[in-house]
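Contents: one structure, followed by commentary.
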Amino acid sequence: MSSQWMNRRGLGGELLAEFIGTMILVLFGDGVAGAVQFFLGGQQGSASATAWLLINLGWGLAVMLGMFIARVISGAHLNPAVTLGLAVRKAFPWKKVGWYALFQTLGAWFAALLLYIVYYPGFTAFESANRISRDSLASAGENIFFTAPHALIGGVVVPIWNAAFDQALGAFVLVYVIMAINDARPTTRLAYLTPVVVGGLVLAIGMAFGVDAGYAINPARDFGPRIFAWMAGWGQVAFPGNGAGFSSYFWVPVVAPLVGGALAAVAYQTTLYPILVEKADLAAAAEAELVADERSEIVNSSQS
């Protein structure tokens, strides 16, 4: 590995941008979840319309802010599913995929560490008031650091296969729309609005698909904080992800979004992308014809 490849102007700078961008994303996203947990009454509060709206808005803004930080340097993937999807459609080098995923996960882990320090009094007060151990199935870590299947009306827990499909679908929509946005923007000026649009997209995904399992749709955003929570004492609840009605859940928000992101790349490349290329070629041909006509008119007028 050459020093030139890893310096600040090369891959090293891109990895730093992905680390910081993902850290910001998780810091605000999980931070809003912490505010709901400790201010609006935890699980009871999270079922209210106010808490639900706050969480979804928080994650949408978190994605927007993280993208604004990293977009010029690294492209602001901030999500291994996005990185993998771009590599599948040959829009990103495969040799960088593992590095991006690693630093995205490390950024998410570090954000969890910072939030643990911020909300440490809340964690201890919650555990003391409810007389539960940290690795209890009723712990606060599940509502803040990592996702899990939810109990629906009647207390029925969402099956793992359903949660996996939910995660794959959410990541599919995310990656597909991101690719369409990136390819369809006609001017450089509109590129500045991409983080805003993607933030709105995450907000919409959360409001539409967040009920089943918390819409991780990002392996780094779930796995990094999950590993930190396991290290901080949440034990089996964090890793391998055991809960009431499910077990060994940790792989679902990692594998399912990657599958969804890869499938989105294939689907996009075979559906909208050829149409966009054809439209762009037609527009370029029309513009070239217009320029040729203008030059012909100039020549004719100069000869007359």
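The values are calculated or read from the model by the stated rules, or taken from the named source; none is laboratory data. Because the structure is predicted, anything quoted here is derived from the model rather than measured. Backbone-built Cβ (ideal geometry, glycine too); neighbour counts: all protein chains shown.
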Go through (1) in a helix (DSSP H, G or I); (2) more than 30 Å from residue 276 (Cα to Cα); (3) in contact with a helix residue (DSSP H, G or I) (Cβ under 7 Å, 6 or more places away or on another chain); (4) hydrophobic (A, V, I, L, M, F, W, C) one by one and return the number of the condition residue 129 breaks. (3)
For the range 75-103, how many residues are within 10 Å of residue 18 (Cβ to Cβ) and in a loop (DSSP other than H, G, I, E, B)? 5
Top-ranked residue in the range 184-202 [being over 19 Å from residue 69 (Cβ atoms) and assigned to a loop (DSSP other than H, G, I, E, B); ranked as modelled with the lowest pLDDT]: 187
Taking the range 78-126 only, how many residues are over 27 Å from residue 169 (Cβ atoms) and β-branched (Val, Ile, Thr)? 3
Residue 74 - would you say it is over 28 Å from residue 95 (Cα atoms) and of a type in the set (S, T, N, Q)? no
Among (1) touching a residue at least 40 places away in the same chain (Cβ under 8 Å); (2) within 17 Å of the chain's Cα centre (by Cα), residue 98 falls short only on (1)
Residue 106 passes all but one of the listed conditions (1) part of a helix (DSSP H, G or I); (2) out of contact with any Phe, Trp or Tyr (no Cβ under 7 Å at 6 or more places or on another chain); (3) buried (at least 16 other Cβ atoms within 10 Å of the Cβ); the exception is number (2)
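With closer than 22 Å to residue 77 by Cβ, β-branched (Val, Ile, Thr) and at pLDDT below 90 as the only criterion, which of 205, 181, 217 stands out? Outline the logic, then answer.
Numbers: 205 fails: at pLDDT below 90; 217 fails: at pLDDT below 90.
Exactly one residue qualifies, and that residue is 181.
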In the range 219-246, how many are more than 23 Å from residue 28 (Cα to Cα) and in a helix (DSSP H, G or I)? 2
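For the range 77-91, name all the residues that are at pLDDT below 95 and surrounded by 17 or more Cβ atoms within 10 Å (Cβ to Cβ). I'd like the intermediate steps shown before the answer.
Quick first cut of the range 77-91, residues at pLDDT below 95 only: 89-91.
Of everything in the range 77-91, just one residue is at pLDDT below 95 and surrounded by 17 or more Cβ atoms within 10 Å (Cβ to Cβ), namely 89.
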Any residue in the range 46-75 that is more than 13 Å from residue 206 (Cα to Cα) sitting within a Cβ distance under 9 Å of a residue that is in a helix (DSSP H, G or I) and of a type in the set (Asp, Glu)? List the pairs, counting only those 6 or more apart or interchain. 70/14; 70/18; 73/14; 73/18; 74/14; 74/18; 75/14; 75/18
